[in-house]
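Colleague: Right, I'll just put the structure down here and ask away after.
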Amino acid sequence: NAGVTQTPKFQVLKTGQSMTLQCAQDMNHNSMYWYRQDPGMGLRLIYYSASEGTTDKGEVPNGYNVSRLNKREFSLRLESAAPSQTSVYFCASTDRPGGRIANYGYTFGSGTRLTVV
Amino acid sequence: QKEVEQNSGPLSVPEGAIASLNCTYSDRGSQSFFWYRQYSGKSPELIMFIYSNGDKEDGRFTAQLNKASQYVSLLIRDSQPSDSATYLCATKAAGNKLTFGGGTRVLVKP
């Protein structure tokens, strides 16, 4: 099993350019997430999708949009990239929708290193 | 104040010693607690989860939870150089979102 696959692995953008980060999982998970990781800041949630057809904002959604294309795929779009969006982006997925105590952690993709100049 | 606090380190331990990592959280609604290990340039991988007060052991790892004190810890026994990594503490409240701390960098010296 591939698990969670992210593309691209590296990207350099100029300020104002747009791009879409792709994420796909083959574990039949219901929930998917986009995090960004900056030095000393840990992982911060950008957007998430609890189940197919739903998306919600996380802690740092400004400047981003998402699409849950189907159960497998969850994409993150930067409409007009800014240097503050230079970061490592991780997609993750898990099963067991919320509402019960869940002991399941996330499975993470390998990350996308994005630099905005 | 961050919802999940960790000492950034680095925590330097000699090979064979016990590494003790601490994490405090502010959301009393937190129900499950996770420890992830992240090697430099890699993605986080789950090593432990705990949801009941007390200790949970898995191999060389022991997670400890004290909900009254809003405190969770991770002990790594017989530390090896391969344990050198950043360890992320995460909490889950109702729903399925994880909130992460900033991570503690651990260096195990031969």
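Colleague: From the Cα trace of the stretch A:22-81, what convex hull volume per residue do you get, rounded to a whole Å³?
Modeller: 88 Å³
Colleague: Could you identify which residue out of B:Gly54, B:Gly41, B:Gly29 has the top mean-square fluctuation in a GNM of chain B using Cα springs shorter than 10 Å?
Modeller: B:Gly41
Colleague: Continuing with this model, one more query. Looking at A:Ala81, B:Phe33, B:Ser73, which one has the Cα that reaches farthest to the positive end of the dipole of the protein assembly as shown (charges on Cβ: Lys, Arg +1; Asp, Glu -1)?
Modeller: Sorting the options by dipole projection puts first A:Ala81.
Colleague: Compute the Rg to Rh ratio over chain B from the alpha carbon atoms, using the Kirkwood formula for Rh, and round to two decimal places.
Modeller: Result for chain B is an Rg/Rh of 0.95.
Colleague: Can you report the principal axis dimensions of the protein assembly as shown using only the alpha carbons, biggest first, rounded to whole angstrom?
Modeller: Extents along the principal axes, in whole Å: 49, 39, 38.
Colleague: Here's another thing I want to ask about it. Send over the Kirkwood Rh of chain A, from the inverse of the averaged 1/r over different Cα pairs, rounded to one decimal Å.
Modeller: Here the Kirkwood hydrodynamic radius works out to 14.3 Å.
Colleague: Which percent, nearest 5, of DSSP beta bridges in the protein assembly as shown are antiparallel?
Modeller: 90 percent
Colleague: To continue, here is another question. Where does each of A:Phe10, A:Phe108, B:Phe61 land when they are ranked from fewest to most other beta-carbon atoms within 10 angstrom?
Modeller: Taking fewest neighbouring Cβ atoms as first place, the list is A:Phe10, B:Phe61, A:Phe108.
Colleague: Within 10 Å of each Cβ in peptide B:7-14, how many partner chain Cβ atoms are there on average? Round it to a whole number, please.
Modeller: 0
Colleague: Add +1 for every Lys or Arg and -1 for every Asp or Glu among the other residues with Cβ under 12 Å from the Cβ of A:Ser110, and state the total.
Modeller: +2
Values in this text are rule-based calculations from the coordinates and carry no lab data. Just so it is clear, the model here is predicted, and its values are computed rather than measured. Please note: Cβ atoms are built from the backbone with ideal geometry, for glycine as well, and neighbour counts cover all protein chains shown.
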